[in-house]
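Report on the structure given below.
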Amino acid sequence: MKFFIDTADLDEVKEAQDMGVLDGVTTNPSLMKKAAEKAGRRLDFHEQIRQICEMVEGDVSAEVTAVDFDGIMAEAHALAPIHPRVVVKVPLILEGIKAIKALHSEGIRVNCTLCFSPTQALIAAKAGAAYISPFLGRVDDISFSGLKLLEEIITIYGNYGFETEVLAASIRHPIHVLEAAMMGAHVATMPLSVIKKLLKHPLTDIGLEYFLADWKKFRA
Ligand code: E4P
């Protein structure tokens, strides 16, 4: 399973990259806003994406904000040349699907975002999306199961051999990651806090404390 960090904050990207387990980054307009607020200044979107690309070795999703075909294509054509690692993020709407098809035929990779149903995911795969991003946490928020959605998408893609990678998004806690990994999702994109939680276990901390205390006594 590939681990992506869901952030536009360079410090967070660096911290995850330093752990040595990072495979990519996903950003979105809200995460760009959050990064700018933390920086306390306006950020140049393209420059921020370029810097992130230079910090990691995997794919970096950069989202369009246009909602019409021509606008999405124009933004995608401006984003893709920033760096070979850029994957253009396009929303799962009719105009977005048309753009995914056109971008795919041009060789521009797309992460199809804001996926909330398996039929949406099916259409995105048929259009040629490189990634599909089902939003687990946001589905859970309205009392449906994000993990069930993920399972349905993985089953459908498996039935037909689609090459679109399933990118579990809107991950809120380690159980989302565990279940996504059990199902064989290709990627999980997570906030830094969730990546850190994956390695925590109280018995590890307690065990280490005892070992170090005994080592001190042994060496005394
Ligand atoms: C994924 O690419 C999305 O940007 C992200 O996972 C959304 O997560 P949220 O629901 O926590 O905003």
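Read-outs: derived from the displayed coordinates by stated rules, not from any lab. Owing to the predicted nature of the structure, the values given are computational and were not obtained by experimental measurement. Please note: Cβ atoms are built from the backbone with ideal geometry, for glycine as well, and neighbour counts cover all protein chains shown.
Points worth noting:
- Partners for Lys217 among aspartates and glutamates (Cα-Cα distance below 19 Å; same-chain residues under 8 apart left out): Asp205, Glu209
- For the peptides 209-218, 46-55, 1-10, 29-38, the ranking by packing is 1-10, 46-55, 29-38, 209-218, with the highest mean count of neighbouring Cβ atoms within 10 Å listed first.
- Bridging of Lys216 to lysines at a Cα separation below 30 Å is possible for Lys196, Lys197, Lys200, once same-chain residues fewer than 8 apart are set aside.
- Long-range amide H partners of Val60 with built H, under 5 Å: Val25, Val86, Val87
- Cβ-based net charge around Tyr157, under 14 Å, with every Lys or Arg adding one and every Asp or Glu removing one: -3
- Within the straight-line cut-off of under 30 Å between alpha carbons, the lysines reachable from Lys126 are Lys2, Lys89, Lys98, Lys101, Lys148, sequence neighbours fewer than 8 places apart in one chain being disregarded.
- Sum of side-chain charges, Thr113 neighbourhood, beta-carbon under 15 Å (Lys, Arg +1; Asp, Glu -1): -3
- Quotient of Cα Rg and 2.2 N^0.38 Å for the chain, N being how many residues it contains: 1.13
- Sorted largest first, the principal axis extents computed over the alpha-carbon atoms of the range 122-220 equal 68, 29, 20 Å.
- Loop-located GluC sites (Glu not before Pro) in the range 113-175 whose Cβ has at most 12 other Cβ within 10 Å (DSSP): Glu163
- Between helix 10-19 and the chain: long-axis angle, C-alpha atoms, 0 to 90°, nearest 10: 60 degrees
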